[in-house]
Amino acid sequence: MATRYERQHPAFYALITLLVVMSVGPVLLMFINSFKLDVDIISGATGLIFLPTIQNYETALCDVLWYEPEHIDFCSLKFGGAFINSLIIALISTVLTLVIGCMAAYALVRFRFMGRDTVSLTTLMVRMVPPAVLLVPVFGLWNNEFCLDRDGLIGGLIRDTFGGRGDVCLAGTHSGIILIYVAMNLPFVIWILQSFIVQVPRSLEEAARVDGAGPFQVFFLVVLPLIKPGLAAAAIFTFRIAWNEYLLASALSDRNTKTVPILIVNNMSEFNVEWGVIMATGMLLAIPPIIFTLFASRQIITGMTAGAVKG
Amino acid sequence: MSRSMANRFTPYMFMAPAAVIMAIALLYPLGYMVWGSFRDWNPSQTIGEAEFVGLKNYITLWNDPNFRESLGVTLRFAFFVVTFEMVIGVGLALLLDRDIRGMSVLRTMFILPMMIAPVVVGLMWRYMYHPTVGTFNRFLDGWGLPKIDWLGQHALGSVIIADIWQWTPFIFILSLAALQSLPRSALEAARIDGATPWQQIIHIKLPLMMPVLIVTGLLRLIDAFKVLEVILVMTEGGPGLSTEILALRISRTATEFRELGVAAAMSNYLLMLLLLLTVTMFGFTRWQEARAARIRAAVEEDA
């Protein structure tokens, strides 16, 4: 089927070009600058004429490189480690959120049970809670209450073997950050997936049930494959938040569980900003989302419209 | 027998993990925060050791000029951001709602800014706004124009521009989707009756899109109160308090001033504000569904 395209006024194309430059320009600028030496960035030898160098990336990734770059004496930026932390936290929390979220969404759409309205209303309400509001309680709870007791059996055992305070808290662990990310993203995922599950024809599920499938089999073998686009969209949004989040991670992580956004902010706030290296780290952080956008833009747009229109 | 038992418990089994996690890591912390907001609480104490001070934190905040300033900045930021984004986003959607080649590529490029980490967005804009090295001032300099002190005198405006860059595409995509799902018959009828493009937009397209636009606007408004990282990286709330939005102030009160009780009370103020917006949105969707049903019934009668 050939679609006919209308011919447009030249000014129209000019406008489109301008818009594309505006939206992609800053990203491109960062990309280009990440290949420049600080000297080139500051002197501003205009535009595209410069000698590209991967030195910034070498500085950023110095803790995971298999060779030692010549220009660095001391590897102070532990970017590789932070990247791995980010990856672990974002991936695990995405998977958990999706599994738990789609089960809950399915229950909310397909079953009438006691407390259903309360649950769905609560989900809708907590969607608007900003991370900043969670900062204080999460900081307090994760540090003081969500701990293995120092007098208890396991806590005591750990104190005897490893020494230290004796109580082991969620703060400073990967699981602590993952827990809050899963909780934070669940309402949104449940909300988005509901609108996809509603569209699955009930007759299919009933047919499977007649053939003797249990409720979990129906869910995993019939419903899940049919809502793949919805799952993809939800996965991307969850990953995006878990990957990009700064505030809660900075409150909960310690030296070994730092994520990339924390590392970037810490390096920014110093006085003498090394633009090249910062841009390189920023670019590395931006790469996974950019890849998603390029390959799954249709799912993202579907998810966005489904999420907003089905209030 | 056991089968029917199993069926009765099925929904709870599906719900349980989500309910447990949300109860432990969202609802309990929120309750804990409300409780903590009535206490004089610093990070080295557990909440039990902190002294109960009643409404003192709330009253102190209410009389604190810095808090008010911060609240004002937040409201101004949210208002301008949403207004500009709605106008630009909807305008672009109306303009670009045509069958042109490569529309999907175009949309992909437009959603790019939204997907990138706020920290990175802040970093890019901080570079571009840089007084000497930055792109904008270099551009102005190259044209012989006076330099602008972007993140100094005009900090709030600059921060707003960065947010508009990042989030206008959201409004654009949603209003384009709304536009393309409008009933073709109404537009066709208007065209046949000789309505000019302007008349079509004002009398047909915009009114029909309005429900989606209002929900989109409210969603964006709620999200505008969540913005933090972009501003943190660009200005750290400064100069002075000129860009210190509430979210940033909460985090500074908790980490720098080490007053968890006050920060909790501030979080509660913010939460109440957002609750109001959410309830508005919720009420509006309900009202609009009822209205749509009525209109549909009326149309069917006419036909």
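Here are a few things to note about the model shown:
- Portion, in percent, of the accessible area of segment A:74-114 that falls on carbon or sulfur, probe 1.4 Å: 82
- Computed [θ] at 222 nm, deg cm²/dmol, the protein assembly as shown (DSSP H ≥ 4; -39,500 (n - 2.57); rounded to nearest 500): -22500 deg cm²/dmol
- Within the full protein context, the accessible area of B:TYR12 is estimated at about 90 Å² for a probe radius of 1.4 Å.
- Based on protein heavy atoms only, chain B ends up with 47 Å² per residue of surface accessible to a 1.4 Å probe.
- Note on A:LEU96: accessible area approximately 70 square angstrom, rounded to 10, probe 1.4 Å, nucleic acids and ligands left out.
- Percent of Cα pairs exceeding the 50 Å cut-off, where the set is the protein assembly as shown: 14
- In the A-B interface, the accessible area buried, summed over both sides, Å² (probe 1.4 Å): 8400
- Mean sequence separation of contacting Cα pairs (under 8 Å, at least six apart), scaled by the length of segment B:71-302, corresponds to a relative contact order of 27 percent.
- Take each residue of peptide B:101-110, count the partner chain Cβ atoms within 10 Å of its Cβ, and average: the result is 5.
- Note on chain B: with neighbouring protein chains present and a 1.4 Å probe, carbon and sulfur make up 66 percent of its accessible heavy-atom surface.
- Carbon + sulfur, % of accessible area of segment A:173-279 - ligands and nucleic acids excluded, 1.4 Å: 58
- Normalised by residue count, segment A:80-310 yields a Cα convex hull volume of 177 Å³ per residue.
- Of the DSSP H helices in chain B, those whose Cα atoms cover at least 20 Å axially and whose Kyte score averages -0.5 or more: B:2-22, B:65-96, B:155-180, B:206-224, B:260-302
- Computed over chain B, the ratio Rg/Rh where both radii use C-alpha atoms and Rh is Kirkwood: 1.06
- Cα point-scatterer Debye curve for segment B:95-196, base-10 log of I(q)/I(0) at q = 0.16, 0.22 Å⁻¹: -0.83, -1.13
- Restricting segment B:1-97 to GluC sites (Glu not before Pro) in coil, as DSSP defines it, with at most 14 other Cβ within 10 Å: B:GLU49
- Segment A:80-310 - accessible surface per residue (Å², probe 1.4 Å): 41
- Taking every residue in B:233-241 and counting other chain Cβ atoms within 10 Å of its Cβ, the average works out to 1.
- At R0 = 51 Å, FRET efficiency that the Cβ-Cβ distance of B:ILE295 and B:VAL34 yields, to 0.05: 0.75
- Summarising the label geometry, the points placed 7 Å from Cα in the beta-carbon direction at B:TYR12 and A:THR17 lie 6.6 nm from one another.
- The mean sequence distance of close C-alpha pairs (under 8 Å, at least 6 residues apart), as a share of the length of segment A:80-310, puts its relative contact order at 30 percent.
- In Hz, Karplus ³J(HN,Hα) per residue of segment A:175-188 (6.51, -1.76, 1.60; θ = phi - 60°; x = Gly, Pro): 4, x, 5, 4, 4, 6, 5, 4, 4, 5, 8, 3, x, 5
- Coil-residue GluC sites (Glu not before Pro) of segment A:181-289, DSSP, other Cβ within 10 Å capped at 14: A:GLU270
- Each Lys and Arg adds +1 at its Cβ and each Asp and Glu adds -1 at its Cβ; summed about the Cα centre, chain B shows a dipole of about 560 debye.
- Across segment A:290-301, rounded Karplus estimates of 3J(HN,Hα) from the backbone phi angles (6.51 cos²θ - 1.76 cosθ + 1.60, θ = phi - 60°) give 5, 4, 4, 4, 5, 9, 10, 4, 5, 4, 4, 5 Hz, Gly and Pro being marked x.
- Test item: B:122-134 mean partner chain Cβ contacts at 10 Å: 5
- Each of B:MET103, B:MET109 has its accessible area taken with a 1.4 Å probe; listed largest first, they run B:MET109, B:MET103.
- Extension gain from A:VAL95 to A:PHE216, taking 0.36 nm per residue of separation minus the Cα-Cα distance: 41.7 nm
- Accessible-area rank, largest first, for A:ASP38, B:ASP193, B:ASP99, A:ASP117: B:ASP193, A:ASP117, B:ASP99, A:ASP38, with all protein chains present and a 1.4 angstrom probe.
The values are calculated or read from the model by the stated rules, or taken from the named source; none is laboratory data. Not measured: the values here are computed from a predicted model. As a convention, Cβ positions derive from the backbone with ideal geometry for all residues, glycine included, and neighbour counts pool all protein chains shown. Each accessible area value is taken on the protein alone, full model and side chains, heavy atoms only, with ligands, DNA and RNA left out. Shrake-Rupley method; radii C 1.70, N 1.55, O 1.52, S 1.80 Å.
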